[in-house]
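Data block below; observations after.
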Amino acid sequence: MISTALAATLVDEFGPTRPCSYRGRALREMTRISGSPYSMWRDIAITNKKNLADALHKLEQRLATSAKSGLEATGGRIRARPRVEKNSATETCRQERNKK
């Protein structure tokens, strides 16, 4: 859902062909699963409705907090490259990738 929302936002912002010109690895990875079949994600969403709703609500809160903090830290200006604080989830993912 998040990948699809990001891909749709890019298309809304830049048009249907422009996001394809951004071929950075991170963006490709973040939007890769948005091309997965709808039927697969529909079944997953139906099966995990409450867990998904809870996770999306928590994500929404975290994004709102991050956006507010970023704007406050810059006096209301949006930074080209916002600072991202490391957290335990980020570190855990990085450690898992480095083990491979």
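The values are calculated or read from the model by the stated rules, or taken from the named source; none is laboratory data. Computed from a predicted model, the values in this text were never measured in an experiment. Cβ coordinates were reconstructed from backbone atoms using ideal geometry, including for glycine residues, and neighbour counts include every protein chain displayed.
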Inset, instruction - Could you tell me which numbered condition residue 62 fails, if it satisfies all but one of (1) modelled with pLDDT of 80 or more; (2) closer than 18 Å to residue 4 by Cβ? - result: (2)
Inset, instruction - Would you be able to say whether some residue in the stretch 21-33 is loosely packed, with under 10 Cβ neighbours inside 10 Å, modelled with pLDDT under 90 and part of a loop (DSSP other than H, G, I, E, B)? - result: yes
